[in-house]
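Remarks on the structure that follows.
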Amino acid sequence: MNPYKTVAFHTLGCKLNFSESSTIARLFEQGGYATVGFDERPEIFVINTCSVTENADKKCRNLVRRARSKNPEAFIAVIGCYAQLKPKEIAEIPGVNVVLGANEKFNILKHLEHERSEDGIAHIENGHIKEVRDFIPSYSANDRTRTFLKIQDGCDYFCSFCTIPLARGRSRNQSIEETVKVAKEVAAQSVKEVVLTGVNIGDFGQGGDEDFLKLIKALDQIDGIDRFRISSIEPNLLSNEIISFVATSQKFVPHLHIPMQSGSDAMLKSMRRRYDVALYRNRISHIRSVMPDACIGADVIVGYPGETDAEFNKTVEFIKELDINYLHVFTYSERANTTALRVEDVIPVTIRQERNKILTQISHKKKRAFYESQVGSSHTVLWEASENDGMMQGFTENYIKVQRPMDEAKINTVEMVTLVDIGRNGAINIGVDSDMMVVS
């Protein structure tokens, strides 16, 4: 008989990891376990790791140490992307009982009987990534306002800086019919907004009879969900047809996050990206032509090998001219088994950090300008449960953070509001005494 009854989770990394942690938590609950907080002395700790996170080894070690301090007798499982890439390193961390990568993490319950061997090495279970074929549907369920729905996993692109294909395997997904079934499960839980997530969601269908456009058209017909939000989609996979559909949809919101990585064609080629600057500019122009108030975000990497001052300045000028609204700026860091390690002209870390600051400042200015352009307009906002200094917050359909005095009755409701001014914390205040309408 299994002696364990309580389990705690800690998730590192992306929305996809959070959706999978939530699904694994449901497996534990179905098995009779109670999910508790990390600090509540659980008998099992599950640490879901990320390969993209800098200092993954250090973060993993710190979490294992923290878990051991909470309960020295606890069973500790380390799962996920970093567990797939570096299982032996993790197994040697004092206190780890089992290391599970890729699909094996979803079979975690059957591994609870494994104890550390006499030589102190944890049990490892992570088959070769090329053998991973199964798609495990997942969605987060801890927030009744918003759910992250996994629609796709893996990637076939092998960009020069990225380890995700090595950690998650080939691109794969369920059929549209099966994906819709899972989305309907989410709808039955009174969730107002669903965020579509995956590794490369635009590759849904992998060139077969089904594709991402057909999927979102099917999801758009589901009753019970007010909003669908596309988390991130590659520019070469974001067709004008997809953009035009989002513009006319009543449920897909005008917010698109489109990885850019660089504004230099030479850098994009070195990174093995599948588009150029002209294509990226075209996508932004088409979005603006059909959705003038859309919020557009982008990912950018600074300090990639070979990024001279001239190439970096091309990125700076390209971003300045583009009508986008915020950036996620990543400082390049070396990853084992990536082809970027072969590129000469390594950029000093200090220069990488300086470039990050430059683009971060540009991002702040663009976001502020976007918020200012929206003051005086009316939008729908989905109110969330969190409270800060007596204020509740939510996001408009075009991803503007707004706030109003806390009112528990409004939690998880969608309301039409007028944006009045920008508060000190950066969120936009609304006219609480104006004629506002609760949509749902």
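Side notes on the structure shown:
- Scanning the range 196-212 for residues that are over 15 Å from Asp153 (Cα atoms) and surrounded by 15 or more Cβ atoms within 10 Å (Cβ to Cβ) yields a total of 1.
- Looking across the range 157-191, the residues that are buried (at least 21 other Cβ atoms within 10 Å of the Cβ) and within 27 Å of Ala385 (Cα to Cα) come down to Ala183, Val191.
- Test: residue in the range 25-48 that is more than 21 Å from Leu166 (Cα to Cα), under 19 Å from the mean Cα position of the chain (by Cα) and assigned to a helix (DSSP H, G or I): yes
- Qualifying positions in the range 14-29 - surrounded by fewer than 20 Cβ atoms within 10 Å (Cβ to Cβ) and touching a helix residue (DSSP H, G or I) at 6+ places or on another chain (Cβ under 9 Å): Thr23, Leu27
- Hey, Glu104 free of Cβ contacts under 8 Å to residues at least 40 places away in the same chain and either of a type in the set (Gly, Ala, Ser) or closer than 22 Å to Ala25 by Cβ (or both) or not: yes
- The numbered conditions (1) at pLDDT 85 or above; (2) over 22 Å from Lys59 (Cβ atoms); (3) of a type outside the set (A, V, I, L, M, F, W, C); (4) not in a helix (DSSP H, G or I) are all true for Pro94 except (2).
- Residue in the range 56-71 that is buried (at least 18 other Cβ atoms within 10 Å of the Cβ) and in contact (Cβ under 8 Å) with a residue 60 or more places away in the chain present: no
This table checks each residue for (1) out of contact with any Asp or Glu (no Cβ under 7 Å at 6 or more places or on another chain); (2) β-branched (Val, Ile, Thr).
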residue	(1), (2)
Phe135	no, no
Tyr139	yes, no
Thr147	yes, yes
Asp209	yes, no
Arg229	no, no
Ser239	yes, no
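- Any hit, the range 396-404, residues being loosely packed, with under 13 Cβ neighbours inside 10 Å and touching a strand residue (DSSP E or B) at 6+ places or on another chain (Cβ under 8 Å): no
- For the range 40-52, a residue qualifies if it is more than 14 Å from Val99 (Cα to Cα) and either in contact with a helix residue (DSSP H, G or I) (Cβ under 6 Å, 6 or more places away or on another chain) or among the basic types (Lys, Arg) (or both), and the qualifying residues are Arg41, Ser51.
- Screening Gly207, Gly224 for residues that are free of Cβ contacts under 8 Å to residues at least 12 places away in the same chain and over 25 Å from Lys367 (Cα atoms) leaves exactly one candidate, Gly207.
The values are calculated or read from the model by the stated rules, or taken from the named source; none is laboratory data. Remember, predicted model here, so these are calculated numbers, not experimental data. As a convention, Cβ positions derive from the backbone with ideal geometry for all residues, glycine included, and neighbour counts pool all protein chains shown.
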